Amino acid sequence: MQNRPPRVIVTKIGFDGHDRGSRVIAACLRDAGMEVIYTPPWQEIPTVVKLAMEEDADVIGISSLATDHLIVPRLMDALRDAGLQDIRVIVGGIVPAEDEQQLLRAGVSRVFHPGAALEDIVKEVRQLAKHRQEHKEVQA
Amino acid sequence: MNREGQSTVGAQAMQASRDRWQQEFAAGAKQPGPTTNRSGIPIKPLYTPEDWSGAQYMEQLGFPGEYPNTRGIYPTMYRGRSWSQRQLIGLGTPEDYNQRVKELMGLGASALSLIPCNSVFRGYDADEVPAELLGTCGTVVNSVDDMALAFDGVPLGEMSTALNDPAPFTLLAFALAVARRRGVDWNRITGTSNQSDCISHFVANHMFFRLALQGARRVVTDHIAFVNQHVRQWNPLSIVGQHMQQAGATPAEAMAFTLCSGIQYAEDCLARGMDPDQFLPRFTFFFDISISLFEEVAKFRAGRRVWARLCRERFGAKDPRAWRFKFHGQTSGVDLTRQQPLNNVSRVTVQAMAGIFGGLQSLHTDSYDEVFTVPTQQAARIAVATQNILREEAQLTDVIDPLGGSWYVESLTDQMEQKINAIIEMVDAAGGMYAAVESGLVQKMIGESALAFQTRVDAGEQTIVGVNKYQIEEDARDYPAPQYPDRERMAAHVRRLAEFKTNRSQAAVDRALGDLARAANSKKDNTFAQVVDAAEAGATHGEICATLRRELGFGQPLTIV
């Protein structure tokens, strides 16, 4: 089990459709050998939760350009309600500093800003997926 | 000695000089090898008459306002009138917007824009969506009453307005309803339906995509036909290259794909029997301006030439006004950085220069803080001042097409034109732009270009100051704070929408929406005429979009990784 590649959902919630970031990240994680489940923008929160459960995702990456990060706390609540609190969530995009604090308090693992190196994102996702897998083994 | 003899001597001297220079250059240059621009065109260290002789001046360039319009679409260009300074505005409730508009009119603004909230872009009313997202990126306008508040005190017959208003064009419908209430003749209303290009939304900026592609296509053509007839000074179509370039297309690809979309819209109008000399003068374009200055200038000059030739030769337009490539430019947000944000002022200045040298008709300069938030007032003022400085202090507008005749710029213009024409041929061979985007061909090319650029940045081959070079330690807390609308005022606005729905005649709304649904299923009716009727009857934006989605399908673009 330990050896399976990280499974990561790359998605956008809310109303914005600027998906250059999410597509570049998805391609880059895939090229790094991960199993990437990519969705088009405007996913409903319950859809993302359902997808995470069905795909046994380790990490959910939310891309946000135009304030959609403001509803990420709703996603965190929904994951908790579904018993999926072990799935790690990262956010990438335009997130103001004070909003970042709010997201971290809501349980988001990490926020990446414009200019972040792809290499660092890959490393972080791999790390988070590993933690989640270890956590699952302990639980089992 | 005869003239021929003289020119032989000249050519020999030039060859000797060139050989000497090449040796000296090869010995001394740190980077003697070729570099390429963003469009993949190799860039030499020096250009001479050997690269562009000017022998075909009249065929390739001509004079400003003369076919093929390479040097500009008007004889006078900026000596006649400046480009329009059209800054994007939109935030909060209609009252919040109106306050900003009145401020701008007080400062002498002659042109306005209205950017609606993302929930509006996606086709919903304020009572259907998470409250946190209302008005954070644009103004919440859902009804004729909202539009009346937004445009309170704005003289609709005098002030040019650009509405960010994709199919089914409800904002224009609300504006027309407000004009009717005020007794303003629709034919006096000027402005543009921005974001009317459904193809660019399907490909790139998915934010504006509401209806299924072929349904949106139908509504766009209906809209052009209606506006040509009833709102004759309005530009119903803005064909957009900006989204594709922001999504990663190279400048050459962005120009080429945009012209391919233009071909499809024009051919749809021709298929309805519309007159190219009537509809083409009302086509406009909207492009991104990156910091790659000379490449952008060449992109615009080449685009102007290719479009003029398409209009005359392919669409059969005879009126010179129908050959004009009118475009709005926006400085590229993708080039801006979160690191050392004030550096963005310099970037925007270079981008704006590229647009001005490229001969644009209307310009939006980004505020340096757009990487963080909807612009603060101070940043928005700097953005406007940048335009004023370039025009009036630097006097960039004194000479028409000032880079024309540069061996480099002319040679680059020709090479961009070749690249553009090659892509147009490829898309034609794929069955036109609709077929090319439905098969994912265009999205794939753009995705590859985006990843290639990011890879160059990561490898340090493309410098971005403060990001991959010249970094300094910064404290993120010093960055500008976000501005979100006042929660209470927004909640009151949502309650007002409920009151609006209670107070209107439900029978009239039901009838109008029924007519709209029927029009959508009948080839003979004009769907946009029914949207206007529905808006006047009190139907909301969300209701109109929902009706058309039921009949024409929900817009879900193809996304490819």
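Summary of computed values
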quantity: Distance histogram for chain B (every C-alpha pair counted, 10 angstrom bins, percent rounded to whole numbers); calculated: 3, 17, 27, 27, 16, 6, 3, 1, 0, 0
quantity: 0 to 90° range, to nearest 10: angle between helix B:251-271 axis and chain B longest Cα axis; calculated: 50 degrees
quantity: Sorted by Cβ neighbour density within 10 Å, fewest at the top, the residues B:PHE357, B:PHE208, B:PHE63; calculated: B:PHE63, B:PHE357, B:PHE208
quantity: Amide H partners (placed H, <5 Å) of B:ILE43, local residues excluded; calculated: B:THR35, B:THR36, B:ASN37
quantity: Compactness of the protein assembly as shown - radius of gyration and Dmax, Cα, Å; calculated: 26.2, 99
quantity: Test item: A:19-31 mean partner chain Cβ contacts at 10 Å; calculated: 5
quantity: Loop GluC sites (Glu not before Pro), the range A:1-106, which have at most 15 other Cβ atoms in a 10 Å radius of their Cβ (DSSP); calculated: A:GLU44
quantity: Shielding by partners, peptide B:370-378 (average Cβ within 10 angstrom, other chains); calculated: 2
quantity: Loop sites in the range B:26-71: chymotrypsin sites (Phe, Trp or Tyr not before Pro), DSSP, at most 15 other Cβ within 10 Å; calculated: none
quantity: Exposure proxy order (Cβ contacts within 10 Å, fewest to most) of B:TYR124, B:TYR74; calculated: B:TYR74, B:TYR124
quantity: The range A:98-117 versus the range B:472-502: alpha-carbon centroid distance in Å; calculated: 20 Å
quantity: DSSP-loop trypsin sites (Lys or Arg not before Pro) across the range B:1-100, with at most 15 other Cβ within 10 angstrom; calculated: B:LYS30, B:ARG81
quantity: Exposure proxy ranking, count of Cβ atoms within 10 Å, fewest first, for B:SER261, B:SER346, B:SER119, B:SER522; calculated: B:SER522, B:SER346, B:SER119, B:SER261
quantity: Cα-only radius of gyration and Dmax that characterise the range A:7-135, units Å; calculated: 13.0, 35
quantity: Mean ellipticity per residue at 222 nm, deg cm²/dmol - from DSSP H runs of n ≥ 4 across chain B, formula -39500 (n - 2.57); calculated: -15000 deg cm²/dmol
quantity: Listed pairs B:LYS44/B:LYS444; B:LYS30/B:LYS444; B:LYS30/B:LYS419; A:LYS12/B:LYS444; A:LYS50/A:LYS130 exceeding 26 Å between Cα atoms; calculated: B:LYS44/B:LYS444; B:LYS30/B:LYS444; B:LYS30/B:LYS419
quantity: 25 °C / 0.890 mPa s Stokes-Einstein diffusion coefficient of the range B:510-561, Kirkwood radius on C-alpha pairs, µm²/s; calculated: 213 µm²/s
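Computed from the coordinates by the stated procedures, all read-outs in this text should not be read as laboratory data. These numbers were taken from a predicted model, which means no experiment stands behind them. No Cβ is skipped: glycine too gets one built from the backbone with ideal geometry, and neighbour counts run over all protein chains shown.
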